[in-house]
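Below is one structure; the comments refer to it alone.
The values are calculated or read from the model by the stated rules, or taken from the named source; none is laboratory data. What you see is a predicted model; the values in this text were computed from it and never measured. Every residue, glycine among them, receives a Cβ derived from its backbone with ideal geometry; neighbour counts consider all protein chains shown.
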Amino acid sequence: MTLLQARDLRKRFGPVAALDDVSLSLRRREIVAIVGESGSGKSTLLNVLSGRIAPDSGTVLYDEGEGLSPIAGRGEARLRHLQRTRWGFVQQDPRQALRLSVTAGGNIGERLMVSGARHYGDIRATAARWLETVEIDPARLDDLPRTFSGGMLQRLQIAATLVTEPELVFMDEPTGGLDVSVQARILDLVRGLVRRLGLAVLLVTHDIGVARLLADRLVVMRHGRIVETGLTDQVLDDPHHEYTQLLVSSVLPA
Ligand SMILES: Nc1ncnc2c1ncn2[C@@H]1O[C@H](COP(=O)(O)OP(=O)(O)OP(=O)(O)O)[C@@H](O)[C@H]1O
């Protein structure tokens, strides 16, 4: 059942221990939110788990169907293939993830082509369907992303990420830069899609409300360490660690 596992991860940036002996597991179809104040190591953890940066020590293991094995042992090409096909990434700023000089349909279609699709008509039809799924008028298929609002850009990034139906999606503050009302719609959309597609999600957020809405389980980080973990409702309704209590009562700055 375990899809991804991290054992004893450590990562330093000069004097800063961004990750200090972090271990965690993620099951298939499970949504885990990594929460904590700014600088607690959330993004570093996500980057190490997704193979984008190497830890100083410790191991990340992933099950591609034949049991857990270290992602570091697979070689660069296989890791990239894993990242492009079985995994997806939703970043806080869609402008960094999308190609702004390529049409909305092109952005979605590119990812389909990476995973093997070749038929132009099929790719276009799938892209149009996905625009509709993320509540963008499919008539915008040939428009450039720069004509889109911030919320639409984020929805386009979500479509371009989910079109190949990855089994695991890494999300780093997916609604971070958006207005509250736009955030709510996108969170609803993400929640529906994640359940419908049966995705596993590792989500980084400093927003407890986002974690409560989306996550089955929480991992609370402070100074590069996990201080508490458990089912979302249990952790939020009855936080054990003092730091989690502060976080839940929103005393800490984001
Ligand atoms: N590339 C880097 N070079 C130097 N220090 C870094 C680097 N990346 C992260 N750090 C440091 O590691 C610590 C953890 O950073 P990280 O970005 O993982 O925290 P975070 O919880 O995601 O914070 P935020 O919510 O502000 O993004 C911080 O002290 C940060 O300054």
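Pairing residues of the range 195-216 that are surrounded by fewer than 17 Cβ atoms within 10 Å (Cβ to Cβ) with residues that are of a type in the set (Asp, Glu), at Cβ distances under 7 Å and at least 6 apart in sequence or on separate chains, gives LEU197/GLU165; ASP216/GLU30.
Look at the range 73-95: where a residue is of a type outside the set (A, V, I, L, M, F, W, C) and a partner is assigned to a helix (DSSP H, G or I), sitting 6+ places away or on another chain with Cβ atoms under 6 Å, you get ARG84/VAL114; GLY88/THR161; GLN91/ALA97; PRO94/LEU153; PRO94/GLN154; PRO94/GLN157. Can you tell me which residue in the range 217-254 is surrounded by the most Cβ atoms within 10 Å (Cβ to Cβ), limited to those that are more than 19 Å from the chain's Cα centre (by Cα), assigned to a helix (DSSP H, G or I) and among the polar types (S, T, N, Q)? Checked the range 217-254; the qualifying residue surrounded by the most Cβ atoms within 10 Å (Cβ to Cβ) is THR244. Among the residues examined, ALA117 qualifies as touching a Gly at 6+ places or on another chain (Cβ under 9 Å) and modelled with pLDDT under 90. Within the range 9-22, residues that are more than 15 Å from ILE34 (Cα to Cα) and at pLDDT 95 or above have Cβ atoms under 8 Å from residues that are within 9 Å of the ligand (Cβ to nearest atom) and charged (D, E, K, R) in these pairs: ALA17/LYS11, counting only partners at least 6 apart in sequence or on another chain. When THR205 is tested against (1) away from the ligand (no atom under 16 Å from the Cβ); (2) modelled with pLDDT of 90 or more; (3) in contact with a helix residue (DSSP H, G or I) (Cβ under 7 Å, 6 or more places away or on another chain), exactly one condition is not met: (1).
Does at least one position in the range 64-80 carry a residue that is within 22 Å of THR229 (Cα to Cα) and either touching a helix residue (DSSP H, G or I) at 6+ places or on another chain (Cβ under 8 Å) or β-branched (Val, Ile, Thr) (or both)? Within the range 64-80, none of the residues are within 22 Å of THR229 (Cα to Cα) and either touching a helix residue (DSSP H, G or I) at 6+ places or on another chain (Cβ under 8 Å) or β-branched (Val, Ile, Thr) (or both). Take the residues of the range 161-186 that are part of a helix (DSSP H, G or I) and within 13 Å of the chain's Cα centre (by Cα): which is nearest to GLY41 (Cα to Cα)? Among those that are part of a helix (DSSP H, G or I) and within 13 Å of the chain's Cα centre (by Cα), it is THR161. If only one of THR147, THR133 is within 29 Å of THR205 (Cα to Cα), hydroxyl-bearing (Ser, Thr, Tyr) and crowded, with 17+ Cβ neighbours inside 10 Å, which one is it? The unique qualifying residue is THR133.
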